[in-house]
1. How many angstrom lie between the C-alpha centres of segment 71-125 and segment 190-219?
2. With angles folded into 0 to 90 degrees, how steeply does helix 286-309 sit against the dominant principal axis of the chain? Use alpha carbons for both and round to 10.
3. Relative to the first principal axis of the alpha-carbon coordinates of the chain, what is the inclination of helix 180-194, with its axis defined by its Cα atoms, in degrees from 0 to 90 and to the nearest 10?
4. Using only the Cα atoms, what convex hull volume per residue in Å³ does the chain have?
5. Could you state, as a whole-number percent, how many of the C-alpha pairs of segment 141-267 are farther apart than 23 Å?
6. Check LEU232: other-chain or 5+ apart residues with amide H under 5 Å from its amide H, H built from backbone geometry?
7. Got a sec to turn the phi values of segment 57-62 into Karplus ³J(HN,Hα) couplings, 6.51 cos²θ - 1.76 cosθ + 1.60 with θ = phi - 60°, whole Hz, x for Gly and Pro?
8. Which one of ARG69, ARG258, ARG287 has the biggest mean-square fluctuation once the chain is modelled by GNM with Cα springs under 10 Å?
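Computed from the coordinates by the stated procedures, all read-outs in this text should not be read as laboratory data. Remember, predicted model here, so these are calculated numbers, not experimental data.
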Amino acid sequence: MSLNRRDFMKLGLGACLLPAIGYSRADTLVSEQMYVFGTLVGVDVLAADTEAARAAIADVSHTFSVQNRDWHAWKPGALGDLNRALAAGREHVVEPGLLSMLHEAREIAHASGGLYNPAIGSLVGLWGFHSDELPVGAPPDAAVVAQLAAAAPGMEDLVFKGNRVSSRNPHVQIDLGGHAKGVAIDLALDRLAQLGYGNALVNLGGNLAVSGDRGGRPWRIGVRHPQGSGALASLEISGRMAVVTSGTYERYRQSGDRRYPHIIDPRSGQPASHVVSATVLHRHAARADGPATALVVAGPEAWVDVARHMGLEDVMIVDDHGRVQLTPGMAARVQFVAQPASVKIVELA
Ligand code: AMP
Ligand code: MG
């Protein structure tokens, strides 16, 4: 079966499962969708027993809800409690799951040269992104933004004593919005494998990872067009593999006819807007999510050095003129569905 343009236009997510290409095994594809992490989540598994598969997906879905509560930056929950303690200058005991995420996020922040910086929760809040609804109206006072950026909250300000965490910088507020989805996807695939489902796909608002294959054929997914509807490209993946996309088109602050995207450059405190989407292919979604956010911040030129420094191999960048840059490995995998303004292949090695 071939994919026509209408099929792609139907796709609403940043990256998504494309229509069936046909598979031969007795297993059927069991799909469920849920709304969690403020986004649409899809889980697909190949299974012989549909009912048992639905129960496994319900298990994973329940975990997503718990993670959403525990890893939320400002609502009541484990991370919210840590942030309130940090704001009050107190040390706080952090549970093991969140603690290991903080360590991993700190590592990624370091590798990104601080462009991925989950300690800028206050800046994210100042721009109005600590709300389930998209913010509207004039941007925050430039002097206040500059002042907060100059206070330079960073992950290196955190002090870890076993499971007790405190901060040397009173401006540190942790926002794991650029990392948590990757972690959640990896854990979901681990759990599905543990329950006997080794051929699965998890799509968390366009951040996507697969295990196994789709009945002897690779999973075929689409990367959303950041400047239009539908897909920009499709690619085939199998085994344990993640395709994570960060885009400025998802969440933004609308002020008149201007849009201020939700990804903030920690150096200025201003939204990053010259890279409109960054897609990272990696074995682990958790190792692609923060880096994809960092590449959006880095911009259409500096992303190359930042990607190299983070040890990435397969990347695709779209800038605000619709120009695509991608690594040779990525170029070998993607098929463009829409015609980019230009395509440039960039070596990272
Ligand atoms: P993502 O969709 O993975 O790119 O993550 C974007 C989310 O991460 C935003 O909604 C913020 O909550 C948070 N964020 C924004 N800018 C940054 C940044 N420079 N580093 C880390 N997290 C950020
Ligand atoms: Mg991210």
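1. 29 Å
2. So the inclination is approximately 70 degrees.
3. Approximately 40 degrees, to the nearest 10.
4. On the way: hull volume 45.0 nm³, N = 349.
Each residue corresponds to 129 Å³ of Cα convex hull volume.
5. Working: 4260 of 8001 pairs.
So the portion of pairs separated by more than 23 Å is 53 percent.
6. Those lying under 5 Å, H to H, from LEU232 are VAL223, ARG224, HIS225.
7. Per residue, the Karplus-derived 3J(HN,Hα) values read 5, 5, 4, 5, 5, 4 Hz.
8. Result for the chain, Cα springs under 10 Å: ARG258 fluctuates most.
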